[in-house]
Amino acid sequence: MEQEAGGTDHHFVGTRRSDLKKSFKVAVRSLLTSCSREDFKKAFPNFTNAERQRLHQLFIQVVTSLHANIEEEFESLCLETQVGKILDTVEQLVEEQSLDPLYSDNFNFEVVSS
């Protein structure tokens, strides 16, 4: 169960909030894992294999720590700006007003194809 800054419990996390978190995690992961071990070794051709191995281990530690810090900061900003609460409100309004035809049970796909 998540708790917003104002102390409101949310038993249900909306799909927009969930999608935002998933998208952010995928983006961060892809950015921080974009350098392969081979590419890393090629970047330091004058180092010995042992030095490159130690440097790569340090690099992995830094990336892991950076990843955790970025996710923590993202969560903090989301709470501070109440983005989850806002996205849940948007989702509720869209459902109430039937503004998003793809989320509607009564959506007629034939209208789109014509």
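What's the total number of residues in the stretch 79-93 that are closer than 15 Å to Ser18 by Cβ and aliphatic (A, V, I, L, M)?
Count: 4.
Taking the stretch 37-46, which residues are in contact with a helix residue (DSSP H, G or I) (Cβ under 7 Å, 6 or more places away or on another chain) and part of a loop (DSSP other than H, G, I, E, B)?
If the condition is that a residue be in contact with a helix residue (DSSP H, G or I) (Cβ under 7 Å, 6 or more places away or on another chain) and part of a loop (DSSP other than H, G, I, E, B), then Phe44 is the only one that fits.
Taking into account only those residues within the stretch 30-44 that are surrounded by fewer than 13 Cβ atoms within 10 Å (Cβ to Cβ) and among the basic types (Lys, Arg), which is nearest to His67 (Cα to Cα)?
Arg37
The numbers here are math on the coordinates, done by the rules we state, and not lab data. No experiment lies behind these values; they were computed from the predicted model shown. Here Cβ is always computed from backbone atoms with ideal geometry, including for glycine, and neighbour counts include all displayed protein chains.
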